[in-house]
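Please read the structure below before turning to the comments.
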Amino acid sequence: MSIINLKRFEDKYKYLLGEKFSDFHDALQLPPLKYFRVNSVRNIDYLKELDVKGIGYLSDPYFNDFYKLTDDVPVSDTISFLTGGVYIQNPSSIIPVDMLSRALNDKEEPVVLDMCAAPGGKTTGLSEKIDRRGLIVANEVSKSRLKSLHFNLEKYGAWNVKTTSVDGRVVGKMLPETFDGILLDAPCSNENKIYRNPEVSRNWSEDLVRKMQKLQTELIVSAYEALKPGGIMVYSTCTFSVEENEGVIRSLL
Ligand SMILES: C[S@@+](CC[C@H](N)C(=O)[O-])C[C@H]1O[C@@H](n2cnc3c(N)ncnc32)[C@H](O)[C@@H]1O
């Protein structure tokens, strides 16, 4: 089953990417690069523990407080990680957070919605990037995933965040024109993990992509309704399909 799905996935991207397909294919099979973000909210030098333990890292050239691990060592065993000083995070996750926080720079007390928030990697990053100003409403429809969100908000000291648990598709009608900024980090077909996670390749199909596109389109329309006039929305996914990215944005414009 998963072999058939992978073949259909590959045929689709061979058609779209032509001779660039082999680079795409090879890149997806590489082990993920390991990065971490240092929590700047507490006045603690979390990097010191890594230095003492001889754990190698390099500063990221683009993002402050963001580092690439140069050793294959489990940072998750460090006290810094266990006490919320370090969040293991891919650089692509910090881009939407960085974009939204910059757009909110001129607001003293921004009111922000993170519509699909668990486990909270972007919520905790956003809370930090806006210096805990204003209010972030972190919404997550899944009750089990809501627990991981609560855990991370507490662990990383994100005290300007309150949580809700409703279907994001109703938020626009519940709270029209309410938020200065909205992050819609949408559920998706997870194509970035297709070779690394057997469940993702087993579940992938053109039907799944269409199903996710429909859900994402309903979520983005709802998010747009919840945005104040002049507000900023950032839409992100961790998938490649044109349907779930440009297709969703196009449906709103
Ligand atoms: C890509 S993940 C979010 C990851 C998160 N932003 C982070 O950086 O840690 C998408 C989330 O959307 C949630 N979700 C799925 N359908 C939803 C809906 N209709 N309304 C709100 N959240 C939804 C999923 O349970 C999942 O936790």
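Helices from the chain with mean Kyte-Doolittle at least 0.0 and a Cα length along the axis of 15 Å or more, per DSSP H: which?
The qualifying helices are 91-103.
Per residue, how large is the accessible surface of the chain? Use a 1.4 angstrom probe and give square angstrom.
Accessible area per residue: 54 Å².
With springs only between Cα atoms under 10 Å apart, run a GNM on the chain and tell me which of Ser205, Ser189, Ser236 wobbles the most.
Top of the fluctuation ranking is Ser205.
On each of the three principal axes of the Cα atoms of the chain, give max minus min coordinate, whole Å, ordered largest first.
51, 49, 33
What is the percent carbon and sulfur in the accessible area of the chain, measuring with a 1.4 Å probe over the protein chains and ignoring ligands?
Its accessible area is 57 percent carbon and sulfur atoms.
Determine the calculated [θ] at 222 nm for the chain from helices alone, applying -39500 (n - 2.57) to every DSSP H run no shorter than 4 residues and normalising by the residue count; nearest 500 deg cm²/dmol.
Theoretical 222 nm ellipticity from helices: -12500 deg cm²/dmol.
Run the numbers on segment 192-249 and let me know its relative contact order in percent, using alpha-carbon pairs under 8 Å that are six or more apart.
The normalised contact order for segment 192-249 reaches 40 percent.
With the cut-off at 32 Å, tell me which of the pairs Lys143/Lys173; Lys14/Lys147; Lys147/Lys214; Lys20/Lys143; Lys53/Lys129; Lys12/Lys162 have Cα atoms farther apart than that.
With Cα atoms farther than 32 Å apart: Lys14/Lys147; Lys20/Lys143; Lys12/Lys162.
With r defined as the distance between the Cβ atoms of Asn90 and Leu16 and R0 fixed at 22 Å, what FRET efficiency is calculated, to the nearest 0.05?
Rounded to the nearest 0.05, the efficiency is 0.40.
Taking only C-alpha pairs under 8 Å that are 6+ residues apart, what is the relative contact order of segment 31-89 in percent?
47
If you take every DSSP beta bridge whose two residues both sit in the chain, what share of them, in percent to the nearest 5, is antiparallel?
Within the chain, antiparallel bridges account for around 35 percent of the total.
The values are calculated or read from the model by the stated rules, or taken from the named source; none is laboratory data. This is a predicted model, so every value here is computed, not measured. Using ideal geometry, Cβ is built from the backbone for each residue, glycine included, and neighbour counts are taken over all protein chains shown. Quick note on the areas: whole protein, heavy atoms, side chains included, nothing else; ligands and nucleic acids left out. Shrake-Rupley method; radii C 1.70, N 1.55, O 1.52, S 1.80 Å.
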